1. Report, by chain and number, residues whose modeled amide H sits under 5 Å from the one on residue 108, excluding near sequence neighbours (fewer than 5 apart, same chain).
2. With every protein chain kept in place and ligands, DNA and RNA left out, what is the accessible area per residue of segment 153-211? Probe 1.4 Å, answer in Å².
3. Full-extension gain between residue 134 and residue 222, please, as 0.36 nm times their residue separation minus the C-alpha to C-alpha distance.
4. Quantify, in whole percent, the carbon and sulfur part of the accessible surface of the chain (1.4 Å probe; protein heavy atoms only).
5. Using each residue's phi in segment 38-51, evaluate 6.51 cos²θ - 1.76 cosθ + 1.60 at θ = phi - 60° and report the 3J(HN,Hα) Karplus result to the nearest Hz, with x for Gly and Pro.
6. Calculated FRET efficiency, residue 192 and residue 261, Cβ-Cβ r, R0 25 Å, to nearest 0.05?
7. How much net charge surrounds residue 276 when only the other residues with a Cβ under 12 Å from the Cβ of residue 276 are counted, with Lys and Arg +1 and Asp and Glu -1?
8. What does the extension gain come out to for residue 36 and residue 78, with contour length at 0.36 nm per residue minus their alpha carbon separation?
Amino acid sequence: MTPIRRAAIAGTGSYVPERILSNAELERMVDTTDAWIMERTGIQERRIAGPEESTSTMAIIAARRACEDAGINPAEIELIIVATITPDYVFPATACLVQHAIGAKRAGGFDLEAACSGFVYAVNVAAGLITSGMYKNILVIGAETLSRLVNYQDRATCILFGDGAGAAVLTARENGSGVLHTSMRSEGEETQSMLIPAGGSRQPASPDTVARQLHTLHMDGKRVFKFATKIFVELVEEALTACGLQRDEVALVIPHQVNQRIIEAAVRKLEMPLEKFFVNLDRYGNTSAASVPIALDEARRAGLIHAGDHIITIAFGGGLTWASSVIRL
Ligand code: UT7
């Protein structure tokens, strides 16, 4: 029988900035309390990029760590996909900045925008390219500097988000490991639920858009909360069914790090133990496209997942978009 070629995780890496923004500090910036933030979100602190940092500088560190972990020379990488909604520039792609900095001389690069679902989308795209035989080694990164686009006068959003980057090297393997199932969906009629209204071609930057804070993140939190709780359950159930997996055959679910209440509500409905869901949102908040790869890297380095394990990654966010992957390590 011909062995099946799949995209396996060869290595992971991540980076978060040193600067910590605590709930106590937010109490001094907006009308909020540590108790409210903890009760409604579970977030204790988040990381904020320093003045010299940007999405590419964090992505570069995460990428180097992932290549080192995979034991791969960056010159062997053929394609770099950076999932982000906070690129260094509108163009060129942040992936090109990473490609140059890490010395991936033979690699193409592009950015992928699916908001918080971006990294899972990017893994699924890379898996298709590897499985088809067109590519062997693809570097997938999720990196965000949301602190530059959050309005620190809006208490409903500024408490949620943080900065960071995570990366994974995907490589072709024929040993049974790799991406087994992918799902990518969107609901464009919900575009207004979460967006940055200005700065694009519809409402270009002007003194008026800047004065009205239209370059910052706007969100209908309650609407997104309801959507996320429902989609979380559906994504896990769909992934289990697609792969014929029982709940106890999943080593770990790595969800988008969005809100402890969303995770707990979904876990109750799924009737799975909470320990099967990796959580680090208490330390980093919501880092959008960086949240799943940072969590994946931390889970691997903490020894929570091992070769042969089945993991499910799920994410959802602006678009609205949602996505999942089932991966055998
Ligand atoms: O990747 C996806 C990105 N999206 C998300 O992560 C958002 C998902 N949504 C959420 O996590 C939650 O909806 C929030 C944490 C944003 C809000 O929690 P909630 O339980 O849905 O609160 P709410 O919006 O219903 O607001 C309840 C009250 C309101 O006051 P009133 O109208 O009841 O007087 C808000 O004004 O809480 C108030 N509030 C705050 N109070 C203290 C909103 N933000 C704050 C705050 N501190 N930071």
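1. 79, 80
2. Details: 2960 Å² over 59 residues.
Each residue of segment 153-211 exposes 50 Å² on average to a 1.4 Å probe.
3. Numbers: separation 88, 0.36 × 88 = 31.68 nm, distance 4.25 nm.
Gain on stretching residue 134 to residue 222: 27.4 nm.
4. Values: 7260 of 14220 Å².
Exposed carbon and sulfur together represent 51 percent of the surface.
5. Those phi angles translate into 5, 5, 8, 10, x, 8, 9, 7, 9, 9, 10, 4, x, x Hz.
6. Values: r = 23 Å, r/R0 = 0.93.
Computed FRET efficiency for residue 192 and residue 261 comes out at 0.60.
7. Working: positive: 247; negative: 248, 249, 271, 275, 309.
Local net charge: -4.
8. Numbers: separation 42, 0.36 × 42 = 15.12 nm, distance 4.64 nm.
Once the chain is fully extended between residue 36 and residue 78, it gains 10.5 nm.
The values are calculated or read from the model by the stated rules, or taken from the named source; none is laboratory data. Predicted model, so just to flag it, every value in this text is computed and none were measured. Positions of Cβ are generated from backbone atoms using ideal geometry, with glycine treated the same way; all protein chains shown enter the neighbour counts. Accessible surface is based on the protein model in full, side chains and every heavy atom, while ligands, DNA and RNA are left aside. Shrake-Rupley method; radii C 1.70, N 1.55, O 1.52, S 1.80 Å.
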